[in-house]
Amino acid sequence: MTEFEEFAHALLDQLSVEINEEKEITNSKTKSIQAFASKIKFEDIEPICSRLFSDMSKKIVEFTGISVSQARVEFPELVEFKRLKGRKVYPTKESAEFVDELFTAIAHEDVLKIATLAENQTFRYLVYSTYAKGYISQISTTYGDFYESAIYLNKFILSSYPQIILYKQGEPYESRFDQVNSGYIGALKMTILEEQIHSIQNNLYSINKNAVSEVNAINEELAKIILCLDDTTTKNLYNYLQIPEVPDEYPVAKRANLFFILNPDNFIVQVLGPDVMTFTKVTVDPKISEMIPQLLDIYQRWLKPIQSHHAAFTTMEGMAEFAVKNILRDDQDFKNYLVTFANSDISAYQIRKSIGTDFTEHVFAKLGKNTYRTLIANPPTTRELKNPESYINRK
């Protein structure tokens, strides 16, 4: 087995929990359909969403003062939803085709294709394979996504969960159907609402997309540098960083380990902690700088786009969650969603905290309906996210 085939197997092994979960979802859905026979049937998501979109749009206009344009709506199955996740990695323009091929190969569990991509474009593989675990592992908890003027609803999950939940509750299915079906409608209301909020965040969306693409360009640059390190430097870095040795017959794997450790998304945050999102400069251990002289410049250039991404993404998510909390707070379908799908309740949901939601709530208390227009046009900095009053005072 070549080391590139080893890479492919290792990547799929990292995703084995998620892959097994997807298979279990498919099996459980099949069992539920067999158990229900013709007695129980949930309506397909397409017609429900068609009915809900207009109502959710009106609620957003009332809450934010911003009209929701008619975005294209798609209902991708599992493989297509995974490919969508690849596009949401926002690769550099030159790497877009590679990322699409990589995520498609991962979705099909195609070891040979993954290995070929890793061998032919190793620096890209090092950068973009790191996304696969984080993005694809979220598939079972991601009901929808917004990308390039279109709303995508995760048909695999949304068409499976209500049937599985009812099946697991046990008989009599008929008497339990109404609450689970109501929770299903609530899940769709929440998802549509979140993605419609994302669809109005044009400026924030562009800032986030460009920032992530810039981070990817910097990581590609670092991957090329590390792959070109000579054996002596590589060995010295292993010794200094106290990394477990990799056999000499795996030269690419040796350098791959170094990249995974030294890429700024991992190394800087590990060394400096999450407060790095408010720093204006970073430092690098002089010994490491001696061995990779370009590292300090790379880390310093990484700071601005990663902070732009963090601020924009946190604000986008906070605005969506704050809207859901307020618009659906008295909605019985949403309450049933929390009970039947999320093992929670409306009280627990309302007190749930996040930086972005808390920030939006603070600004909303001062600006009211104007909050959403203001945040979209003038996004906060990472420092202002921690201190919302400073954001309000700069207006």
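The values are calculated or read from the model by the stated rules, or taken from the named source; none is laboratory data. Computed from a predicted model, the values in this text were never measured in an experiment. Cβ: placed from backbone, ideal geometry, glycine included. Neighbour counts: every protein chain shown. Quick note on the areas: whole protein, heavy atoms, side chains included, nothing else; ligands and nucleic acids left out. Shrake-Rupley method; radii C 1.70, N 1.55, O 1.52, S 1.80 Å.
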Seminar exercise, completed: Listed by first then second residue, the pairs whose first member lies in the range 99-111 and is in contact (Cβ under 8 Å) with a residue 60 or more places away in the chain, whose partner is open to solvent by 40 Å² or more (accessible area, probe 1.4 Å), with beta carbons under 7 Å and at least 6 positions apart or on separate chains, are VAL111/GLU5; VAL111/HIS9
Exercise. Restricting attention to the range 211-232, which residues are part of a helix (DSSP H, G or I), over 16 Å from the mean Cα position of the chain (by Cα) and either within 18 Å of ARG87 (Cβ to Cβ) or aliphatic (A, V, I, L, M) (or both)?
Worked result: GLU214, ALA217, ILE218, ASN219, GLU220, LEU222, ALA223, ILE225, ILE226, LEU227
Exercise. From the list SER199, SER182, which one is within 30 Å of VAL324 (Cβ to Cβ) and either out of contact with any strand residue (DSSP E or B) (no Cβ under 9 Å at 6 or more places or on another chain) or at pLDDT below 95 (or both)?
Worked result: SER182
Problem set entry | Members of the range 197-209 that are in a helix (DSSP H, G or I) and more than 17 Å from the chain's Cα centre (by Cα) | ASN202, ASN203
For this session: Would you check if ILE327 is crowded, with 17+ Cβ neighbours inside 10 Å and of a type in the set (Val, Ile, Thr)?
Result: yes
For this session: Looking only at the range 91-114, decide whether some residue is open to solvent by less than 40 Å² (accessible area, probe 1.4 Å), part of a loop (DSSP other than H, G, I, E, B) and farther than 21 Å from GLN196 by Cβ.
Result: yes
Problem set entry | Residue list for the range 45-63, restricted to those being open to solvent by less than 50 Å² (accessible area, probe 1.4 Å) and either outside any helix (DSSP H, G or I) or polar (S, T, N, Q) (or both) | SER57
Problem set entry | Residues satisfying the stated conditions in the range 376-392, i.e. touching a residue at least 24 places away in the same chain (Cβ under 8 Å) and small (Gly, Ala, Ser) | ALA377
Exercise. Going by the structure shown, is GLN307 buried (at least 17 other Cβ atoms within 10 Å of the Cβ) and at negative phi?
Worked result: yes
For this session: Output the qualifying pairs, or none if there are none: Cβ atoms under 7 angstrom, residues six or more apart or on different chains, first residue in the range 345-366 and assigned to a helix (DSSP H, G or I), second residue open to solvent by 50 Å² or more (accessible area, probe 1.4 Å).
Result: ILE346/ARG329; ILE346/LYS335; GLN350/ARG329; GLY356/GLU317
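Here is a yes/no grid of residues against (1) within 17 Å of ARG301 (Cα to Cα); (2) touching a residue at least 40 places away in the same chain (Cβ under 8 Å):
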{"site": "LYS224", "(1), (2)": "yes, yes"}
{"site": "ASN236", "(1), (2)": "no, yes"}
{"site": "ARG255", "(1), (2)": "no, no"}
{"site": "ASN266", "(1), (2)": "yes, no"}
{"site": "THR283", "(1), (2)": "yes, no"}
{"site": "PRO286", "(1), (2)": "no, no"}
{"site": "SER289", "(1), (2)": "yes, no"}
Problem set entry | Single condition THR232 does not satisfy, out of (1) within 22 Å of ALA132 (Cβ to Cβ); (2) open to solvent by 20 Å² or more (accessible area, probe 1.4 Å); (3) modelled with pLDDT of 95 or more; (4) not acidic (Asp, Glu) | (1)
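To keep it simple, each residue is scored yes or no on (1) acidic (Asp, Glu); (2) at pLDDT 90 or above; (3) outside any helix (DSSP H, G or I); (4) closer than 30 Å to LEU188 by Cβ.
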residue: MET1; (1), (2), (3), (4): no, no, yes, no
residue: ALA8; (1), (2), (3), (4): no, yes, no, no
residue: LEU12; (1), (2), (3), (4): no, yes, no, no
residue: ILE25; (1), (2), (3), (4): no, yes, no, yes
residue: SER28; (1), (2), (3), (4): no, yes, no, yes
residue: SER32; (1), (2), (3), (4): no, yes, no, yes
residue: ALA35; (1), (2), (3), (4): no, yes, no, yes
residue: LYS41; (1), (2), (3), (4): no, yes, yes, yes
